[in-house]
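Undergrad: My questions all concern the structure below.
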Amino acid sequence: MTSKHDVGIRVRLARLVLVAVAGLLVAPGVSYASALHLTSADWARVNVGSLERDVFDLALDAASCAVESGTAAAPATLTVIDYSRPSTDQRLWVFDLATRQLLYEQLVAHGSGSGDNFATMFSNDLDSHQSSLGLFLTGDTYVGKNGYSLRLDGLEPGVNDRARDRAIVVHGAPYVSAATAEALGRLGRSWGCPALDAAIARPLIDRIKGGGLLFAYYPDQNWLRTSKFLKGCAKP
């Protein structure tokens with residue numbers, strides 16, 4: 001009988017093989033990121049919904065750096081959250097990196113400690129109840145107090161790398177809906193998790209789980225200047 005641990009190892013090995021094969025098929029001088037369609041030129045004519053193109057390009061930069069550095073192996077999806085928008089707007093997008101298609105455009109809640117309708121404060125601290133910025137790797141799923149949920153691993157030290165300790169996960173919530181936004185003038189708020197409309201949470205989670213990338217954006221100048229995943233992997 002194969003254990004979940006063994007299955008997890010096989011999945012990770014399979015992803016590494018995909019990256020290795022991509023490297024063999026790529027012409028000299030072309031990066032893995034280019035082979036996986038992680039450059040803005042690849043997406044220039046692709047529909048990105050209501051997502052601002054400059055935010056999307058930052059997310060692609062971060063994803064490209066993660067692949068080039070070996071932090072992520074052949075991610076299937078890129079999820080982008082733009083926390084500079086109000087919670088009443090659709091501000092979460094999911095993209096299929098292989099087909100270059102927009103899969104989802106959804107509402108998403110932020111942490112109660114981050115703000116009211118607008119999130120303005122972000123943290124990596126325990127019990128802050130604030131959302132975190134930066135690049136995350138999606139992990140495994142489980143059923144907990146918020147139902148079907150997806151674990152996240154923060155990839156940026158000091159910014160989001162305590163996501164596991166803080167139980168920052170993707171999950172559905174009854175307070176995330178157009179009806180709630182209309183009634184309250186904002187969505188309900190989580191304890192820092194990117195919470196989704198319960199009606200869409202399970203299929204969306206199943207689409208992005210297991211090694212996808214999630215990029216949470218806000219125009220925080222310190223983070224934008226120092227993130228190791230932005231500016232084409234340039235050092236701070």
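The values are calculated or read from the model by the stated rules, or taken from the named source; none is laboratory data. Remember, it's a predicted structure, so these values are computed and weren't measured experimentally. Glycine also receives a Cβ, built like all others from the backbone with ideal geometry; neighbour counts cover every protein chain displayed.
Undergrad: Do we have any residue at all in the range 132-144 that's closer than 17 Å to SER84 by Cα and not in a strand (DSSP E or B)?
TA: Checked the range 132-144: at least one residue is closer than 17 Å to SER84 by Cα and not in a strand (DSSP E or B).
Undergrad: Mind telling me which of the residues SER69, SER40, SER50 ends up being in contact (Cβ under 8 Å) with a residue 24 or more places away in the chain, over 21 Å from ASP89 (Cβ atoms) and either in contact with a strand residue (DSSP E or B) (Cβ under 8 Å, 6 or more places away or on another chain) or small (Gly, Ala, Ser) (or both)?
TA: Just one listed residue meets the conditions, SER69.
Undergrad: Between a residue in the range 105-118 that is surrounded by 16 or more Cβ atoms within 10 Å (Cβ to Cβ) and any residue that is small (Gly, Ala, Ser) and not in a loop (DSSP other than H, G, I, E, B), which pairs come within a Cβ distance under 6 Å, given they are 6 or more apart or on different chains?
TA: Between residues of the range 105-118 that are surrounded by 16 or more Cβ atoms within 10 Å (Cβ to Cβ) and residues that are small (Gly, Ala, Ser) and not in a loop (DSSP other than H, G, I, E, B), the close pairs are ALA109/SER190; ALA109/ALA195; HIS110/ALA119; GLY111/SER190.
Undergrad: Read through the list (1) free of Cβ contacts under 8 Å to residues at least 12 places away in the same chain; (2) hydrophobic (A, V, I, L, M, F, W, C); (3) at positive phi, then give the number of the only condition that ALA167 fails.
TA: (1)
Undergrad: Based on this model, can you work out whether ASP96 counts as in contact (Cβ under 8 Å) with a residue 24 or more places away in the chain and out of contact with any helix residue (DSSP H, G or I) (no Cβ under 7 Å at 6 or more places or on another chain)? Explain how you work it out, then say what you get.
TA: Working: in contact (Cβ under 8 Å) with a residue 24 or more places away in the chain: no; out of contact with any helix residue (DSSP H, G or I) (no Cβ under 7 Å at 6 or more places or on another chain): yes.
So ASP96 fails the test.
Undergrad: Residues to consider are SER131, SER84; find the one that is surrounded by 20 or more Cβ atoms within 10 Å (Cβ to Cβ) and either more than 24 Å from TRP223 (Cα to Cα) or not acidic (Asp, Glu) (or both).
TA: Answer to the check: SER131.
Undergrad: I would also like to ask the following. In the range 84-98, what residues are modelled with pLDDT of 95 or more and out of contact with any Pro (no Cβ under 9 Å at 6 or more places or on another chain)?
TA: If the condition is that a residue be modelled with pLDDT of 95 or more and out of contact with any Pro (no Cβ under 9 Å at 6 or more places or on another chain), then ARG85, PRO86, SER87, THR88, ASP89, GLN90, ARG91, TRP93, VAL94, PHE95, ASP96 are the ones that fit.
Undergrad: Any chance the range 171-183 includes a residue that's at pLDDT 95 or above and within 16 Å of the chain's Cα centre (by Cα)? So that I can check it myself, show each step before the final result.
TA: Initial filter on the range 171-183 (at pLDDT 95 or above): 171-183.
Among the residues that remain, those that are also within 16 Å of the chain's Cα centre (by Cα) are: 171-172.
Yes, there is a match, as at least one residue in the range 171-183 is at pLDDT 95 or above and within 16 Å of the chain's Cα centre (by Cα).
Undergrad: Let me ask something additional. Consider only pairs whose beta carbons are under 7 Å apart and that are at least six residues apart or on different chains; among these, list those whose first residue lies in the range 119-134 and is among the β-branched types (Val, Ile, Thr) and whose second residue is crowded, with 19+ Cβ neighbours inside 10 Å.
TA: What qualifies is THR120/SER114.
Undergrad: Okay, next question. Can you name the residue in the range 138-152 that is surrounded by 16 or more Cβ atoms within 10 Å (Cβ to Cβ), free of Cβ contacts under 8 Å to residues at least 60 places away in the same chain and not polar (S, T, N, Q) and is also farthest from PHE95 (Cα to Cα) among such residues?
TA: TYR148
Undergrad: Suppose we filter ALA198, ALA179, ALA183 for residues that are surrounded by fewer than 19 Cβ atoms within 10 Å (Cβ to Cβ), under 15 Å from LEU150 (Cα atoms), small (Gly, Ala, Ser) and without any contact (Cβ under 8 Å) to a residue 60 or more places away in the chain; which single one remains?
TA: Details: ALA179 fails: under 15 Å from LEU150 (Cα atoms); ALA183 fails: under 15 Å from LEU150 (Cα atoms).
It is ALA198.
Undergrad: Another question, if that's okay. What about ARG225, is it over 13 Å from the mean Cα position of the chain (by Cα) and touching a residue at least 12 places away in the same chain (Cβ under 8 Å)?
TA: Details: over 13 Å from the mean Cα position of the chain (by Cα): yes; touching a residue at least 12 places away in the same chain (Cβ under 8 Å): no.
No, not satisfied.
Undergrad: If you check ALA98, ALA66, ALA74, which single one turns out to be outside any strand (DSSP E or B) and within 13 Å of the chain's Cα centre (by Cα)?
TA: Answer to the selection: ALA66.
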